[in-house]
Amino acid sequence: MTIESIEYPRTPFAERRRGINWERAGWVYMRASGVVLVVLIFGHLFANLMVGDGIKAIDFAFVGGKLSNPFWQVWDGLMLVLGLVHGANGMRTVINDYVARETTRKALVWIVGLASFALIVLGLLVIITFDPCPAGSPADLLPSFCAA
């Protein structure tokens, strides 16, 4: 009676590559950004819905007042950037898992990356350049700090 054994290892260990492990960085980013996004989103909801008059107070003047404050510009900018990169990284993972053809996979990953980049740029432009006191607007719709 002979004992047969399975060859060990069945698959050879890959040699450790030097440089940045992008898959690990993406995995860590998803966890860290998820935790930060929970804090940012619940802070955003609390400030908008619970403080003051609640949802009844949300109008152009409320948004204008928030976006004229540098604190809220940074808060909303972080929420925008982290959320879009988090979503794009998740889409990249789904594409890598389910798209078999290499050229299609690369094209879809590039499309997701370009769309995310464009949305981040446009969103940050809105947050940074928002004018809470547009010329020619009715005074009753403007925030109280605008000169009538």
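Quick look at the numbers
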{"quantity": "Within the range 41-71, tally of residues that are of a type outside the set (S, T, N, Q) and either under 19 Å from L119 (Cα atoms) or outside any helix (DSSP H, G or I) (or both)", "calculated": "7"}
{"quantity": "For G77: the one exception among (1) open to solvent by less than 90 Å² (accessible area, probe 1.4 Å); (2) within 12 Å of the chain's Cα centre (by Cα); (3) more than 30 Å from A147 (Cβ to Cβ)", "calculated": "(3)"}
{"quantity": "Single residue of the range 1-38 satisfying the filter (open to solvent by 90 Å² or more (accessible area, probe 1.4 Å) and assigned to a helix (DSSP H, G or I)) that is modelled with the lowest pLDDT", "calculated": "W22"}
{"quantity": "Residue in the range 101-122 that is farthest from L80 (Cα to Cα), counting only those that are part of a helix (DSSP H, G or I) and charged (D, E, K, R)", "calculated": "E102"}
{"quantity": "Pair list, Cβ under 9 Å, 6 or more apart: the range 33-48 residue farther than 12 Å from H86 by Cα and of a type in the set (V, I, T), other residue modelled with pLDDT of 95 or more and surrounded by 13 or more Cβ atoms within 10 Å (Cβ to Cβ)", "calculated": "I41/M79; I41/G83"}
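The values are calculated or read from the model by the stated rules, or taken from the named source; none is laboratory data. Because the structure is a prediction, the values reported are computed rather than measured. With ideal geometry, Cβ positions are generated from the backbone for all residues, glycine too; neighbour counts draw on all protein chains shown. Accessible surface is based on the protein model in full, side chains and every heavy atom, while ligands, DNA and RNA are left aside. Shrake-Rupley method; radii C 1.70, N 1.55, O 1.52, S 1.80 Å.
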